[in-house]
Amino acid sequence: MVHYGHSNQLRQARAMGDYLIVGVHTDEEIAKHKGPPVFTQEERYKMVQAIKWVDEIAPGAPYVTTLETLDKYNCDFCVHGDDITLTIDGKDTYEEVKTAGRYRECKRTQGVSTTDLVGRMLLMTKAHHSNIDEDLDCRKHTDNFGKGPKGRSPWTGVSQFLQTSQKIIQFASGKEPQPGDTIIYVAGCIFLSFPLFHVNFLEKVHQLAEKPYIIAGLHFDQEVNRYKGKNYPIMNIHERTLSVLACRYVSEVVIGAPYAVTADLLDHFRVTLVCHGMTEVVPDKDGSDPYQEPKRRGIFQLVDSGSNLTTDLIVQRIIKNRLEFEARNQKKEAKELAVLEAMRRLEEEKH
């Protein structure tokens, strides 16, 4: 998968140099060392390229990073998060470049992991944002499935993600619309992390104008749950904010945007075009069309993303491989515990 934790790692990596090349593994490499991939390699190539800190991708990058790979792409060094990555036989995938002094480290984003997001989708409980007292399982997982008994994930041990203003500032472009910009408003995205259909849609919207300034309106979790149902949104409003801000096609985000695109919203942001994908538009609570105002003004446009991939289809992929994913999660947690135990023993020996 590709999520805001990866985007944050790439943001930090880009700040260490002048040009960032991101190696993306093949499906075969991921299946061998980590388990079945959620997205195909072609989908991941497109998604990673859409992250605004990425200058270039290296498709089919080997799982074990070697000096040969760095030299092939004329890289001075490589960057990875401060979590340990091991091959299927337990070897450090960065051992060679570390020994050569061509390795840098950035901080891992607490509160998110691919395994954690997969765990949320595997639950798929109903109406988890509603306050239904009798549904104990639903109440236990309200707002964010990253919570556990001690604020840690019951599947992966990662901490719950906590949003800060500093993190939003780091992700935001900080650019205001300039004279001549076409201000385009899109709403509702994003339910998952960084799926291809959102990337394709935003890319197509971006191509509609010579100088586009895209504003993405994100609905609060309860609103998304109202019109999507089930366990949606899989990522909460704070996580979705960072995911959208990381996209190179988006200039600004409205956090907690109203479901209906009102005259006040259009006037406030001086919107000249409102776009929506080819997906169904669910009526507002009162049964009205949420896009009736932009339609009345003649500034509403449907945009075909060209992708038939949806959040529901992604979830179906995961459920299809449920047993493999659950086994992978258990192995990963056991490996993390073993590493922590080894580190604890080393500390004891020092003292």
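List of remarks:
- Among (1) surrounded by 15 or more Cβ atoms within 10 Å (Cβ to Cβ); (2) not in a strand (DSSP E or B) - the single one residue 254 does not satisfy: (2)
- Tally, over region 94-109, of residues that are out of contact with any helix residue (DSSP H, G or I) (no Cβ under 6 Å at 6 or more places or on another chain), crowded, with 17+ Cβ neighbours inside 10 Å and touching a residue at least 60 places away in the same chain (Cβ under 8 Å): 1
- Selection within region 202-222 - in contact (Cβ under 8 Å) with a residue 40 or more places away in the chain, assigned to a loop (DSSP other than H, G, I, E, B) and either surrounded by fewer than 17 Cβ atoms within 10 Å (Cβ to Cβ) or among the β-branched types (Val, Ile, Thr) (or both): 208, 209
- Residue count for region 30-74 under the criterion of being of a type outside the set (A, V, I, L, M) and in contact with a Phe, Trp or Tyr (Cβ under 8 Å, 6 or more places away or on another chain): the result is 8.
- Within region 262-281, none of the residues are of a type in the set (D, E, K, R) and within 30 Å of residue 9 (Cα to Cα).
- So residue 262, is it farther than 15 Å from residue 218 by Cα and under 29 Å from the mean Cα position of the chain (by Cα): no
- For the residues 286, 304, the requirement of being out of contact with any Asp or Glu (no Cβ under 6 Å at 6 or more places or on another chain), touching a residue at least 60 places away in the same chain (Cβ under 8 Å), outside any helix (DSSP H, G or I) and loosely packed, with under 11 Cβ neighbours inside 10 Å singles out 304.
- Selection within region 261-277 - surrounded by fewer than 18 Cβ atoms within 10 Å (Cβ to Cβ) and either free of Cβ contacts under 8 Å to residues at least 12 places away in the same chain or not in a helix (DSSP H, G or I) (or both): 262, 264, 267, 268, 270, 272
- Subset of region 66-85 (residues that are in contact with a strand residue (DSSP E or B) (Cβ under 9 Å, 6 or more places away or on another chain) and open to solvent by 80 Å² or more (accessible area, probe 1.4 Å)): 72, 74, 82, 84
- Picking from residues in region 24-61 that are surrounded by 15 or more Cβ atoms within 10 Å (Cβ to Cβ) and of a type in the set (Gly, Ala, Ser), the one that is farthest from residue 318 (Cα to Cα) is 58.
- The residues of region 182-194 that are at pLDDT 95 or above and either under 26 Å from residue 10 (Cβ atoms) or buried (at least 21 other Cβ atoms within 10 Å of the Cβ) (or both), listed by number, are 184, 185, 186.
- Of residues in region 223-238 being under 24 Å from residue 5 (Cβ atoms) and part of a helix (DSSP H, G or I), the one most open to solvent (accessible area, probe 1.4 Å): 238
- The listed residues are 347, 341, 280, 293, and the only one of them that is surrounded by 15 or more Cβ atoms within 10 Å (Cβ to Cβ), out of contact with any His (no Cβ under 9 Å at 6 or more places or on another chain) and acidic (Asp, Glu) turns out to be 293.
The values are calculated or read from the model by the stated rules, or taken from the named source; none is laboratory data. Please read all numbers here as calculations on a predicted model, not as lab measurements. Cβ atoms come from the backbone with ideal geometry, glycine included; neighbour counts cover every protein chain shown. Side chains are part of the model used for accessible areas, which takes the heavy atoms of the whole protein and leaves out ligands, DNA and RNA. Shrake-Rupley method; radii C 1.70, N 1.55, O 1.52, S 1.80 Å.
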